[in-house]
């Protein structure tokens, strides 16, 4: 699915071991448009639909409290998250816009769901604060990367696994909110908490790995000649 809430961006399944692209690097002259500059692609359309669904999700869960529809919307977002990465590989429709939209949608859904769960008493505030704080701290590394000539970090497998676990847990936690009784809530509650716990640990560990990558890139750049002027 989902990783993640302006921090790390990449084609789903990308490796963080590969350094991010240099900002402003010179590309060779080509006679045709660079495929990476494409905007109108199937994966980008799916990512855009996921973004449109974020305010709809918040309306459903916080205003009208139609939890069933909110759960279905989250499930649809997860399916399209998988599909946009799969179609990008199958159709060869990778693009710079897609590298930004996919993780942005993940991060926004995580943020929106954490907000909804806290407001509806489905998740402790400190738990949500830890995950949101992770993204906020990583966002602070973006100016540092840009100062040294790098774009956003690419998503690693650990980050994608963390996002997958969280977005898998959230629909179950919504279905099992306090006051929701019945067989579905009883079944989803322990499974949802298990995925949420595992996903949260992976999310924080992945954040530490991203921060370490930033440190290494900055150190290597300084050893090679120092930061570039903005």
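The values are calculated or read from the model by the stated rules, or taken from the named source; none is laboratory data. Worth saying up front: this structure is predicted, and the values here are computed from it rather than measured. So basically every Cβ, Gly included, is an ideal-geometry build from the backbone, and we count neighbours across all protein chains shown.
Any residue at all in segment 85-92 that is assigned to a helix (DSSP H, G or I), modelled with pLDDT of 90 or more and surrounded by 14 or more Cβ atoms within 10 Å (Cβ to Cβ)?
Scanning segment 85-92 turns up no residue that is assigned to a helix (DSSP H, G or I), modelled with pLDDT of 90 or more and surrounded by 14 or more Cβ atoms within 10 Å (Cβ to Cβ).
Going through 167, 174, 202, 140 one at a time, which residue ends up being surrounded by fewer than 16 Cβ atoms within 10 Å (Cβ to Cβ) and under 18 Å from residue 111 (Cα atoms)?
Answer to the selection: 140.
Within segment 206-224, is there a residue that is crowded, with 17+ Cβ neighbours inside 10 Å and either outside any helix (DSSP H, G or I) or modelled with pLDDT of 95 or more (or both)?
For segment 206-224, residues crowded, with 17+ Cβ neighbours inside 10 Å and either outside any helix (DSSP H, G or I) or modelled with pLDDT of 95 or more (or both): absent.
Please find, within segment 144-153, the residue that is modelled with the highest pLDDT out of those that are in a loop (DSSP other than H, G, I, E, B) and touching a strand residue (DSSP E or B) at 6+ places or on another chain (Cβ under 8 Å).
Taking the candidates together, the pick is 149.
Rundown of residues vs (1) over 21 Å from residue 79 (Cβ atoms); (2) not in a loop (DSSP other than H, G, I, E, B), yes/no style:
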{"position": "111", "(1), (2)": "no, yes"}
{"position": "123", "(1), (2)": "yes, no"}
{"position": "135", "(1), (2)": "yes, yes"}
{"position": "138", "(1), (2)": "yes, yes"}
{"position": "142", "(1), (2)": "yes, yes"}
{"position": "155", "(1), (2)": "no, no"}
{"position": "158", "(1), (2)": "yes, yes"}
{"position": "179", "(1), (2)": "yes, no"}
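Could we say that residue 11 is surrounded by 15 or more Cβ atoms within 10 Å (Cβ to Cβ), at pLDDT below 55, under 18 Å from the mean Cα position of the chain (by Cα) and within 17 Å of residue 167 (Cα to Cα) here?
no
With 101, 115, 138 as the choices, which residue is within 13 Å of the chain's Cα centre (by Cα) and either more than 13 Å from residue 46 (Cβ to Cβ) or modelled with pLDDT of 90 or more (or both)?
138
Name the single residue, out of those in segment 34-49 being exposed (fewer than 13 other Cβ atoms within 10 Å of the Cβ) and assigned to a loop (DSSP other than H, G, I, E, B), that is modelled with the lowest pLDDT.
34
Kindly indicate whether any position in segment 56-65 is surrounded by fewer than 14 Cβ atoms within 10 Å (Cβ to Cβ), under 19 Å from the mean Cα position of the chain (by Cα) and under 23 Å from residue 180 (Cβ atoms).
The answer is yes; a qualifying residue exists.
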